[in-house]
1. Give me the one-decimal nm value for the distance between modelled label points at Thr59 and Glu32, 7 Å along each residue's Cα-to-Cβ direction.
2. Net charge near Lys35: determine it from the other residues with C-beta under 14 Å of the C-beta of Lys35, scoring Lys and Arg +1 and Asp and Glu -1.
3. Keeping all protein chains in place and using 1.4 angstrom, which order do Glu29, Glu7 fall into by accessible surface area, from largest down?
4. Compute the Cα gyration tensor for the chain, then decide on rounded, prolate or oblate, letting a ≥ b ≥ c be the square roots of its eigenvalues: rounded whenever a/c is under 1.5, prolate when a/b is larger than b/c in the other cases, and oblate in all that remain.
5. Obtain the nm distance between the two label points defined at Ser13 and Thr68 by a simple spin-label model: each point lies 7 Å from its Cα along the Cα-to-C-beta direction.
Amino acid sequence: MVDTTYEVNIRMSGEWKFESRYGEFEKDEAIEDAKRVADTPGVEAVKVIKETYDAQNNTTRESTVFSTSNVRPNQLAASS
């Protein structure tokens, strides 16, 4: 059995934080949520990660399906 979810993560104060999780057929909703959250004051960046768990093999794959950044490049360097 394979289980797929979409996670919205936000970067605030230089740290990534979990925001919300969506089911296998809710990719579009996850991306819309990420776009909405990206406009929140203090949010530096947002990404949606597709996580696929294969129970039979006990493996997990992750891939970024959407990302954006409200931070200028010099701010990213300063927060690293």
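1. Label at Thr59, label at Glu32, 3.4 nm between them.
2. -3
3. The residues order as Glu29, Glu7, largest area first.
4. prolate
5. With each label point 7 Å from Cα toward Cβ, the separation is 2.4 nm.
The values are calculated or read from the model by the stated rules, or taken from the named source; none is laboratory data. The model shown is predicted, which means the values in this text are computed figures rather than measured ones. Positions of Cβ are backbone-derived with ideal geometry, glycine not excepted, and every protein chain shown enters the neighbour counts. Areas reflect the complete protein model, heavy atoms only, side chains present, ligands, DNA and RNA absent. Shrake-Rupley method; radii C 1.70, N 1.55, O 1.52, S 1.80 Å.
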